[in-house]
1. So which strands (runs of 3 or more DSSP E) are wholly in region 214-298 and hold at least 1 residues that are in the same structural domain as residue 145 (by TED's automatic domain parsing), at pLDDT 85 or above and exposed (fewer than 13 other Cβ atoms within 10 Å of the Cβ)?
2. Among the residues of region 120-129, write down those that are touching a strand residue (DSSP E or B) at 6+ places or on another chain (Cβ under 6 Å) and either part of a loop (DSSP other than H, G, I, E, B) or crowded, with 18+ Cβ neighbours inside 10 Å (or both).
3. If I go through region 74-104 residue by residue, how many of them are surrounded by 12 or more Cβ atoms within 10 Å (Cβ to Cβ) and outside any loop (DSSP other than H, G, I, E, B)?
């Protein structure tokens, strides 16, 4: 009887020591305890910018803690807090719906162009569209580059490119095109080119930066542009990078379609010429010339 009593007592002690993780150092450590975790309880709420925490417990008293990811801001659609003008950028302000924090984004300063007015070109002259800014009266002239075919003067030839049928692509260095057009308005202007650029590079040029002009050094580009026989000055600092370009209509070995600001020029009220000359072996396909006259003079 006494023997059975002691056996029962030893068994009871063993169960007591192993119930919640093995008890003290004298217990049988080979017995593995399986925790029975309760539900998670949030101990610190996450915010838009800071993580929170949560924990749960076992009946034995042990606890586990985990992070709760920050929520991130939930921005509204924004409101215009400063309207843009033709020359001065505006401000769009966004507010987080949870924490009321605000952020701002710049609204690009730009003209608000009205409907296009087509202007037919006479023999050997390029047709073009003219637009008027509804806010300030500035004028924009857009000439499709392919107007050169059968119209303006071509030295050399346009390279046939079935992938880009609406683009002007000069075939080799030294080739040039001169566009002639008559304008009813004149004044100081800025000329842009809308097109795409081959950003392939062989290590000897700077196309690895994917600049719009594929010059071999920091001062040269792959074209020369003249307006009324005056060279339009453009510097490397005015290059439009790949990231700054507009979303493209073509992908692959060419950059997206973009507007590149070339530089200042003067437009006559009357006859005008725009000459594009390829000076280097890297391709830039031009879709349009865009000339903006900020203060037109009749």
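1. On the way: elements: 223-227, 258-267, 270-278, 284-293.
So the answer is 270-278.
2. The first filter runs over region 120-129 and keeps only residues touching a strand residue (DSSP E or B) at 6+ places or on another chain (Cβ under 6 Å), leaving 125-126, 128-129.
If the condition is that a residue be touching a strand residue (DSSP E or B) at 6+ places or on another chain (Cβ under 6 Å) and either part of a loop (DSSP other than H, G, I, E, B) or crowded, with 18+ Cβ neighbours inside 10 Å (or both), then 125, 126, 128 are the ones that fit.
3. 13
The values are calculated or read from the model by the stated rules, or taken from the named source; none is laboratory data. Note that this is a predicted model, so its numbers are computed, not measured. Every residue, glycine as well, gets a Cβ built from its backbone with ideal geometry; the counts of neighbours run over all protein chains shown.
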